[in-house]
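First the structure, in the form of structure tokens, and then the observations on it.
What follows draws every value from the coordinates through simple rules; no lab data is involved. For clarity, every value in this text was computed on a predicted model and none was experimentally measured. Here the Cβ positions follow ideal geometry from the backbone for every residue, glycine too, while neighbour counts run over all protein chains shown.
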Amino acid sequence: MQRRHGTRGVTLVELVLVIVVGSVLAATLLVFLRPALEGYLAARARADLAAQADTALRRMTRDVRHAVPNSIRTPGGACFELVPSAGGGRYRAGPDTVNDAAPACAPAADCAAALDPATATAAFDVLSVLPSLPAPGDWVVVGNQSPGDVYVGSNRAAITALSIPAASFGRYRLAIVPQQFPLGQASGRFSLVPDAQQAVFYVCSGADGTLDAHGDGKGTLYRLKRYGFNAAYPAACPSAAGADVLATRVRACNFVYDPNRGATQQSGFVWMEITLARNGETAALAMGAHVENAP
């Protein structure tokens, strides 16, 4: 007779032993790997919060650095207002005594257009290259020695048309709603303000320094634009209804403006702090930006 040989199976004892050893290894790995994994997730969460805060601060810094001189207003540490510009240039401050068709001629194809604060100006020649061309409805701001001027409108006029004059007169000719600009704004410079922006308010709403039940910041950072130009100095932060959202889960904000930072008192300075919190993780960033307050 031939003896048959079968394949030996796994016994119950061996199976139990494998399960016990696997459980011990899994528990050991969990003890060592869990803190590392939690640390990685926490670091990633803080990095994400820091990136959001950095993006918001850079957006505010860009507006501050391009603000119309002396246009920043701060009713409190949770918000500030400014008028961002889209560039500017130099305007013709007097007639072209060489190329004008006649003395004191009116602006035309053969006559230069000058901005004269002694009378109402309806058009003026731009002597410098503009970084971006304005459109009808955008605003020209001349000077701005006082923070209230641009908001009241005494040195601000709407653009009605853009044309190209003879090369001897300038690079561009801006037609504006007739405006007599204040005396004493003799810097020869102007700023351009897009009508799509007008004045801008950065508002940190609901950030009281505490966290909600999920460990998140309770506030939101908004950018409010195109609400017009309010002549009165703001007494409090405005409502952010309809504003663009810059950051959420904001735990705290602090904005401080010094209009005379520097030996010459011509450079303002805005200090901006923002703290974001999510699931108990927190990231706080701060950034400062200078604004040229010499028109």
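Side notes on the structure shown:
- Cα-centre dipole for segment 88-193 with unit charges at Cβ (Lys and Arg positive, Asp and Glu negative), debye to 20: 220
- Estimated [θ] at 222 nm from DSSP helical runs (n ≥ 4, -39500 (n - 2.57)) normalised by residues in the chain, nearest 500: -7000 deg cm²/dmol
- A simple charge model with +1 on the Cβ of Lys and Arg, -1 on the Cβ of Asp and Glu and nothing else charged puts the dipole of the chain at about 1320 debye relative to its Cα centre.
- Only Cα pairs under 8 Å and 6+ residues apart enter the sum, and on that basis the relative contact order of the chain stands at 20 percent.
- For I19, I159, the sequence from fewest to most other C-beta atoms within 10 Å is I19, I159.
- Ellipsoid equivalent to the chain - semi-axes via the Cα gyration tensor, in Å: 65, 23, 15
- Segment 214-259 and segment 130-159: distance between their alpha carbon centers, rounded to Å: 24
- Ranking of F255, F229, F80 by count of other Cβ atoms within 10 Å, fewest first: F229, F255, F80
- Most fluctuating residue given options V21, V98, V129, as computed from a GNM of the chain linking Cα atoms under 10 Å: V21
- Cα-based equivalent ellipsoid of segment 88-193: semi-axis lengths in Å, sorted from largest, via gyration tensor: 22, 15, 12
- For segment 143-295, the Cβ-based charge dipole about the Cα centre amounts to some 440 debye (Lys, Arg positive; Asp, Glu negative; other atoms uncharged).
- Ranked by how many other Cβ atoms sit within 10 Å of their own Cβ, fewest first, the residues S23, S267, S239 fall in the order S23, S239, S267.
- Relative to the dominant Cα principal axis of the chain, helix 12-65 is inclined by about 10°.
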